[in-house]
Every structure is written in C-alpha cells, then in structure tokens.
1. It is to be established whether one or more residues within region A:71-88 are of a type outside the set (A, V, I, L, M, F, W, C), at pLDDT below 95 and exposed (fewer than 15 other Cβ atoms within 10 Å of the Cβ).
2. If a residue counts only when it is in contact with a helix residue (DSSP H, G or I) (Cβ under 7 Å, 6 or more places away or on another chain), β-branched (Val, Ile, Thr) and within 20 Å of A:LEU12 (Cβ to Cβ), which strands (runs of 3 or more DSSP E) contained entirely in region A:52-132 have at least 1 such residues?
3. Which condition breaks for A:ARG35 when tested against (1) within 13 Å of chain B (Cβ to nearest Cβ); (2) of a type in the set (Lys, Arg); (3) surrounded by fewer than 18 Cβ atoms within 10 Å (Cβ to Cβ)?
4. Working only within region A:98-109, note down all residues that are within 13 Å of the chain's Cα centre (by Cα) and surrounded by fewer than 16 Cβ atoms within 10 Å (Cβ to Cβ).
5. Check A:ALA116, A:ALA23 and return the single one that is modelled with pLDDT of 95 or more and in contact with a Gly (Cβ under 9 Å, 6 or more places away or on another chain).
6. So in region B:38-68, with the set limited to residues that are within 11 Å of chain A (Cβ to nearest Cβ), out of contact with any Cys (no Cβ under 7 Å at 6 or more places or on another chain) and of a type in the set (A, V, I, L, M, F, W, C), which one is farthest from A:ASN44 (Cα to Cα)?
2 protein chains.
Amino acid sequence: MPKKGSAEERDLVHKLWDRNFAAMRAPASGGATKRPLPDVVAGNGQIYLAIEVKTTIKDKLYIDSPQIDALMEFCEIFGASPYLGVKFKYTKWLFLPPDKIERTKKNNYKVEKNYALEHGFEIDEITGLDKQVKF
Amino acid sequence: MPKKGSAEERDLVHKLWDRNFAAMRAPASGGATKRPLPDVVAGNGQIYLAIEVKTTIKDKLYIDSPQIDALMEFCEIFGASPYLGVKFKYTKWLFLPPDKIERTKKNNYKVEKNYALEHGFEIDEITGLDKQVKF
C-alpha cells in the first residue's frame, strides 16, 4: 500500500493556499467517524475541490475502489470536484478525476506513473489558473 | 477559556451529515500550519459553511478577535458563510454570524447565553431546512 504521507498532504495544502485557495486536511482520526472524508478539501469561492492523496516511490500505485467511491460520495454531497492527487518520485503533483483512472481486473483503481504524466492535470489546471484541458 | 471539545465538534458534524451536508472537522494539528482554519467545514452543493465551535458550561463565553478574524478570512477565500457555533449547557446548538456577535470593550467577542437564545440561528436555519430568519 502506498503511504498516506501527511508531509505530502501538507505540501499540497500549502500549494493550494499559494494559489489563493483555502485548503484543509482531514483530521487524522477521520476514519473513526465512518464518514467518507477526502484527504484535502479546498475552495476559492468558485471552484471546490476534494482530493484523495496518494504518494509512492514506485512507478505504480493501486487504490481500493471503496476509497474512490467514498471520495465521489463526499463530493456529490458537499458540492466539489473529486480528484485523486498523486505524487510519484521526481514528478509534480498530478490529478486525475475518478473517471480517468484506470481499473484493475478486480475493479479497483491503478495509476501508472507514465499514465499520470500523460493524462493527469497539473495543480494550475485544477485550480483554474491554467485553462488547458487534456483529453 | 471555553474548551474546544472535540466531542461537541463531532456531535455538530453528525448533525450536519444528518441534514445532508458533507462535513469535516479541522485536523487537531491545524494550528501548526499557521493557516486560518475553522473547526468545521460543511457543504451541500449550494450552501457552504465554516464554523468556529465554542462550548461552555457557563452562561457567557469570550472569543479573542483574531479567531473570528481568521474564520472570516478563511470564509472569504474558501467561499463559505462564517458562523460561530455555540453550545451552552441545556441549549441547542446556536449559530451567530460574526457581525451579530457582541463585542467587548477591548474589541474581542462575547456571547451571553440569553443573547444567543434570542439572536442565534438554529442548525435547521443555517442549513436551509428552515427558512425562518431572525433579525
């Protein structure tokens, strides 16, 4: 399992504040409430983001489908755009909406580094600073 | 100083989820980031709330003005309505927008139980379930 590094979450939160978003990490004990909480929630008055964060030193990571389901459920209720925020070694932060994440045969999710580099959004794109959109 | 009870925060978060809001508490270490974080952020796709929580067994509580300033700053950036959520012994949760909170001579904020009972919004009001508005 990739580690949910809170140092990386803090780095992402700082980058969001730097882009004039107010951003907040979920509490460490968030899981205890049985609520589908994302790792980071952010907003700038126009765009609301909920981000599940995964980082790895490998070239590939896997996410169990209930985690992505929870992210989408939170976003549906809260009113936010769901993103998986991935950070591979030597890459920038890259963001994938759930429907752009590849599935495994068991219907879980997987992200390969090269796929993320090609298909992922950069932070300036999901924060609306850069309007370029990849298809 | 009134205690920032996380049990009370959890209670409030549950009540928000019960009203079809997705709600998240701030991380306990939130202060370490030097960012102006509220205790609770919630949204339902139309209404976004940021709430500073104070509970007390006394009949009056005080809030230093930097805490309310931080709440307002967060809301301004995030795009949310700021509320002080107060819970006195034997009262329901009551919510006051910053401009309805009384000030002390030193320009801090104070809330007396009877004032909150008269002027505070109830949770069904701030979540839009009850359109009644007090002036």
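The values are calculated or read from the model by the stated rules, or taken from the named source; none is laboratory data. Since the structure is predicted, the reported quantities are computational estimates derived from the model, not experimental observations. Note that we place each Cβ from the backbone using ideal geometry, even for glycine, and neighbour counts take in every protein chain shown.
1. no
2. Strands (runs of 3 or more DSSP E) meeting the threshold: A:81-88.
3. Unmet condition: (3).
4. A:ASP99
5. A:ALA23
6. B:VAL40
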